[in-house]
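Report on the following structure.
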Amino acid sequence: MMTTAQTRPIRKDHPKSVRPDHATELQAVLAAWQSATDRLQKTHETLQHEVKRLTDELEIKNRELARKNRLADLGQMASHVAHDVRNSLVPLTLYLSLLRRHLAGSPNSVALMDKIDSGFTALEAIVNDLLQFTSQRDPMWQPFDLGKLVNDVCEGLLPQLEAQGIRTELDIPAGLTLVADPEMMRRAVLNLLLNALDVMRHGGELTITGIAICHGIELEIADSGPGLGDDEPRRLFEPFFTTKDGGTGLGLAIVERMATAHGGEIIAANCAQGGAAFTIRIPNRSMETVA
Ligand code: ADP
């Protein structure tokens, strides 16, 4: 009788090696480990990059702060000097007018006096610009008629506008009221008009437009002068940027400071038909919010 040999079942697994399902698992773990390491490496690099960026930014901000502190010190010094110069100018102007009376009979002396006078006027303008620029007062809010204020400033300049043959068009709706600091606004408009006069020495068109916009007012002063140079719109508002002989480069910096003190802005652009346009935007305020 044939005995069935006790055959051992053939082992499908391999005792010495890892079971295939374990091997796959291990491979998956290794792959996950590798990808986690890669991600970690990437995160590390990103963080390093970010730390470098922030360090550079901090360094720039620190330098900017140091520059601003230096400028603030210089501003204070300039303001003291400007005060003293202005105080000394007052008696000198008086003596000059007395001297003018004494010399009235001598044409040569009168011509010399005129030259001295215009020198004094220029000096006074520089001192006033410096004082305006360095005084960082907050606006004294009150409601006023924008059209009336602009008209007053234009009337003050009428002799000069007429002498230079400048045609002025004023288009501001009656009763357009603004809550702002009228003195600061007057100064800003005057500075923009004086610049317009400077670029239209031989005549031109001055167009002043005021409108109510959503949440505020917009006042545009446009001239028919040569317009702005390519890189000028960025630099115009920098203190001391000037292309004029004897300019202080403070006029537009004062206008910008006035606009931002009111929570507004000023924009410079070239007009399509030639010339430059300066637009001041001031947001609406009610007297209750500023009281
Ligand atoms: P300043 O009049 O003393 O030069 P501003 O700050 O008022 O100082 O003006 C700075 C510069 O901006 C001027 O020197 C001029 O180059 C330019 N600028 C200002 N207004 C005009 C304008 N209406 N058209 C062309 N350029 C202008």
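Readers should treat all values here as calculations from the given coordinates under stated rules, not as data from a laboratory. Model, not experiment: these values are computed from the prediction. Virtual Cβ from ideal backbone geometry, glycine too; neighbours counted across all protein chains shown.
Helix 182-199 against the longest principal axis of the chain: what's the angle in degrees, Cα atoms only, rounded to the nearest 10? Computed tilt is about 80 degrees.
What's the local net charge at LEU146, with K and R +1, D and E -1, over the other residues with C-beta under 13 Å away?
Numbers: positive: LYS148, ARG186, ARG281; negative: ASP145, ASP152, ASP171, ASP181, GLU218, GLU220.
Computed value for this residue: -3.
State, to one decimal in nm, how far the label point of ARG19 lies from the label point of ARG101, with both points 7 Å from Cα in the Cβ direction. A separation of 12.1 nm, rounded to one decimal place.
Bridging of LYS42 to aspartates and glutamates at a Cα separation below 13 Å is possible for GLU50, once same-chain residues fewer than 8 apart are set aside.
Below 15 angstrom from the Cβ of ILE211, what's the summed charge of the other residues (Lys, Arg +1; Asp, Glu -1)?
Details: positive: ARG281; negative: ASP145, GLU169, ASP171, GLU218, GLU220.
Taking every Cβ under 15 Å from that of ILE211, the sum is -4.
Against the main long axis of the alpha-carbon atoms of the chain, helix 107-134 sits at an angle near 30°. Label separation (PHE241 vs ASN151): 3.5 nm, computed from points 7 Å beyond Cα along the C-beta direction.
Using 0.36 nm per residue and subtracting the Cα-Cα separation, the extra length available between ASP230 and LEU112 on full extension is 38.4 nm. Taking the DSSP bridge list for the chain and keeping only pairs wholly inside it, about 80 percent are antiparallel. Of the chain, which part is the longest with no trypsin sites (Lys or Arg not before Pro) in a loop (DSSP not H, G, I, E, B) and with at most 12 other C-beta atoms within 10 angstrom? Longest gap between qualifying sites, sites excluded: 17-136. Against the chain, whose longest principal axis comes from its Cα atoms, helix 20-102 is set at around 10 degrees.
Working value for segment 133-291: equivalent-ellipsoid semi-axes of 25, 18, 14 Å, each the square root of 5 times a Cα gyration tensor eigenvalue, largest first.
Please go through segment 203-262 and write out the chymotrypsin sites (Phe, Trp or Tyr not before Pro) that DSSP classes as loop and that have at most 13 other C-beta atoms within 10 Å. Of the chymotrypsin sites (Phe, Trp or Tyr not before Pro), the ones in loops of segment 203-262 whose Cβ has at most 13 other Cβ atoms within 10 Å are PHE240. D by Stokes-Einstein for the chain, Kirkwood Rh over Cα pairs, 20 °C, 1.002 mPa s: 85 µm²/s. The alpha-carbon of LYS68 sits under 20 angstrom from the alpha-carbons of these aspartates and glutamates, leaving out residues fewer than 8 places away in its chain: ASP56, GLU57, GLU59, ASP129, ASP138, GLU238, GLU256.
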